[in-house]
């Protein structure tokens, strides 16, 4: 059995890395640290402990980890910062109106390959658009059907869309 080389840093201290990728459907992803060839497994249960179900690629994560015979796994998250803004401007239109009220919604569906999906406000059948760019700004990478969120709604040219996602309503 091959043993992994132990990275050259103190395992007892919090480390900061970048989300390489995370798949909410599969329930895991990986975090990398600059200069270290080892990936750190990030399981969805650890995100749940931080109050999240997913995380955007490129997000910065401060974490504690543990060495296992299969590699390194993250055991606790202390902080998450959003990914750095991309050089390409976001193609979203400036909204005509942003409602100040935060409302609870449930995810109807979201397709990460398309980069968008729809949510419904509780008690209302109207579909509200949610795009991947909005999720990235809110440090979310993916949504699952049935996820409950707290959002602000914007209207652009008469169409409703999620403007921002919040931790509380």
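Here are a few things to note about the model shown:
- Lone qualifier among 151, 61 - being outside the structural domain of residue 24 (by TED's automatic domain parsing) and either at pLDDT 85 or above or more than 28 Å from residue 13 (Cα to Cα) (or both): 151
- The condition of being buried (at least 16 other Cβ atoms within 10 Å of the Cβ) and either farther than 13 Å from residue 108 by Cβ or under 13 Å from the mean Cα position of the chain (by Cα) (or both) holds for only one of 154, 133, that being 154.
- Yes/no for residue 90 being surrounded by fewer than 16 Cβ atoms within 10 Å (Cβ to Cβ), out of contact with any helix residue (DSSP H, G or I) (no Cβ under 9 Å at 6 or more places or on another chain), at pLDDT below 85 and under 27 Å from residue 17 (Cα atoms): no
- Criterion applied to 115, 146 was being surrounded by fewer than 14 Cβ atoms within 10 Å (Cβ to Cβ) and in contact with a helix residue (DSSP H, G or I) (Cβ under 7 Å, 6 or more places away or on another chain), and the one residue passing it is 115.
- Residue within the stretch 127-144 that is under 22 Å from residue 46 (Cα atoms), free of Cβ contacts under 8 Å to residues at least 60 places away in the same chain and not assigned by TED's automatic domain parsing to the domain that holds residue 36 present: yes
- In summary, residue 139 fulfils each of the numbered conditions (1) touching a strand residue (DSSP E or B) at 6+ places or on another chain (Cβ under 7 Å); (2) closer than 16 Å to residue 167 by Cα; (3) not in a loop (DSSP other than H, G, I, E, B) with the single exception of condition (3).
- Enumeration of residues in the stretch 99-108 that are surrounded by 13 or more Cβ atoms within 10 Å (Cβ to Cβ) and farther than 11 Å from residue 128 by Cα: 99, 102, 103, 104
The values are calculated or read from the model by the stated rules, or taken from the named source; none is laboratory data. Quantities reported herein were computed from a predicted structural model and do not represent experimental measurements. As a convention, Cβ positions derive from the backbone with ideal geometry for all residues, glycine included, and neighbour counts pool all protein chains shown.
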